[in-house]
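Enquirer: Starting off with a structure, shown below.
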Amino acid sequence: MFAREIVVVLSVLSAALCCVEYKDCESCAGSEHRVRFSMKSCEWCPLTLKCRTQGSVFANHCDRDLSVGAADLCGWIEEPRMKYDSQLAEELAKWSSLAYVDPRKLNKSSIQSAVDAQFNNSYQLVEFLMADCDWAGDENYCKAVVAKSESQNRIVVALEGTFSSYQSHGKDNRTYFTNMTTFSPTGGKILLYRKAAHDSLYPCVKSLLKELTTTMPTAEVMVTGHAFGGAQAQLMAAHMITNDVASRRNVHIYTFGSPRVGDKGFAYSYDRMADNSWRVTRRNDFMALGGARDVFPFCFHTRREVYYDYPGVMNSTTDYKICDSNEGEEGCLEDRADMERGIIAGNLYRYFVPNISEYMKNFMKAGNNTITKRRATCHTMPF
């Protein structure tokens, strides 16, 4: 009996290894190999870009309904040809920095002056939007800033990044940080606290964008954010596309150090919805590995990681690697991070500027603004 079990296991492993040999969807999907007295098919996992035996539990990151089992379906999962723009990434990192600004505590004219200086007088701030996120603690806000450039035909939406230790580690609201909930614009599930923040901010951004796209119907919409703000940027962009607030071809998403947002179902659907989405990471930013993958709540990264294996502050000419799969690829963040544990936490903030959470504040003056106007669910400060 024991010998028979050994034969079965070896047969299954042999079939699994046969499937692993295929390196693309077309050659993998639907290929068959005999395992004892039956035929086993291979199927392609678009999350890892690997071939595996149908029903295999070995290194299986694709649920059955996410796998591709027939070659004629491969065309549906192929990526459109896109190009990562490092100069645009450097610019959007500064916009992500601006989202950290609290407009209530700074001189209003100096905020616009800082934007003029950083972006060559080509952008006009439109509104700061602040939504109550009291579930994360008293007087906590989720925040976005919206700007436009008529000369470049662009609209920028920047979402605030990680903002308080209570929000990241709040014990009284721990269900928000571990439970998952359905996200209808894409399907799949996302972490509950990400959805709570999104539901507070999205109605405000949607309302404002509808006004802007009425007068700028062909504008490119740049959605960006750092860390928590990067996760929010992905949700915001997906919802915009689903609601036709902006056309899919005009939406560009650049995130910096974004943690995992949701489960495999979310990652799979998002990857196919957002044609121009880039998840920028850097050496030793362990925050970008947040949202547990292999234990509850079983999150999974979206695709198109752009990894900078550079110890200092990168710029538009720094070398980078565009990673093909969603997770665990050799030479990308997860693979490199395992080799260099315990490096300084400051790497979390080093995205094209020395400290993305402080950079834009350095060009502004203190002030005092009372925000009394509202837009949908948000307090708003128009410019």
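The values are calculated or read from the model by the stated rules, or taken from the named source; none is laboratory data. The structure presented is a predicted model; accordingly, all values stated were derived computationally and were not measured. Cβ atoms come from the backbone with ideal geometry, glycine included; neighbour counts cover every protein chain shown. What goes into the accessible areas is simple: the full protein's heavy atoms, side chains included, and nothing from ligands, DNA or RNA. Shrake-Rupley method; radii C 1.70, N 1.55, O 1.52, S 1.80 Å.
Enquirer: So if I check each of Val157, Val146, which one is under 15 Å from the mean Cα position of the chain (by Cα), at pLDDT 90 or above and either within 19 Å of Met381 (Cβ to Cβ) or of a type in the set (Ser, Thr, Tyr) (or both)?
Expert: Step by step, each of Val157, Val146 is checked, and only Val157 is under 15 Å from the mean Cα position of the chain (by Cα), at pLDDT 90 or above and either within 19 Å of Met381 (Cβ to Cβ) or of a type in the set (Ser, Thr, Tyr) (or both).
Enquirer: Let me ask something else. Could you tell me whether Leu13 is modelled with pLDDT under 80 and within 34 Å of the chain's Cα centre (by Cα)?
Expert: no
Enquirer: If you go through the stretch 359-373, how many residues are assigned to a loop (DSSP other than H, G, I, E, B), touching a Ser or Thr at 6+ places or on another chain (Cβ under 8 Å) and surrounded by fewer than 14 Cβ atoms within 10 Å (Cβ to Cβ)?
Expert: 1
Enquirer: I need the full set of residues from the stretch 160-186 which are outside any loop (DSSP other than H, G, I, E, B) and either at pLDDT 95 or above or within 26 Å of Ser207 (Cβ to Cβ) (or both), in order please.
Expert: Hits for the stretch 160-186 are Gln167, Tyr176, Thr181, Thr182.
Enquirer: Can you pull out the residues in the stretch 28-46 that are in contact with a helix residue (DSSP H, G or I) (Cβ under 8 Å, 6 or more places away or on another chain) and at pLDDT 80 or above?
Expert: Selection gives Cys28, Ala29, Ser31, Cys42, Glu43, Trp44, Cys45, Pro46.
Enquirer: So Arg293 fits all but one of (1) out of contact with any His (no Cβ under 9 Å at 6 or more places or on another chain); (2) in a loop (DSSP other than H, G, I, E, B); (3) under 27 Å from Thr178 (Cβ atoms); what number is the exception?
Expert: (1)
Enquirer: Of all residues in the stretch 85-113, which are outside any helix (DSSP H, G or I), at pLDDT 95 or above and open to solvent by less than 10 Å² (accessible area, probe 1.4 Å)?
Expert: Of everything in the stretch 85-113, just one residue is outside any helix (DSSP H, G or I), at pLDDT 95 or above and open to solvent by less than 10 Å² (accessible area, probe 1.4 Å), namely Ala99.
Enquirer: Would you check if Arg248 is within 19 Å of the chain's Cα centre (by Cα) and surrounded by fewer than 24 Cβ atoms within 10 Å (Cβ to Cβ)?
Expert: When the stated conditions are applied, Arg248 passes them.
Enquirer: Any residue in the stretch 342-354 that is modelled with pLDDT under 90, surrounded by fewer than 16 Cβ atoms within 10 Å (Cβ to Cβ), on the phi > 0 side of the Ramachandran plot and not in a strand (DSSP E or B)?
Expert: Yes, the stretch 342-354 contains a residue that is modelled with pLDDT under 90, surrounded by fewer than 16 Cβ atoms within 10 Å (Cβ to Cβ), on the phi > 0 side of the Ramachandran plot and not in a strand (DSSP E or B).
Enquirer: Looking at the stretch 189-230, which of the residues that are open to solvent by less than 30 Å² (accessible area, probe 1.4 Å) and in a loop (DSSP other than H, G, I, E, B) is farthest from Asn347 (Cα to Cα)?
Expert: Going through the qualifying residues, I end up with Met216.
Enquirer: Right, something else. How many residues does the stretch 88-116 hold that are out of contact with any strand residue (DSSP E or B) (no Cβ under 8 Å at 6 or more places or on another chain) and among the polar types (S, T, N, Q)?
Expert: So the answer is 3.
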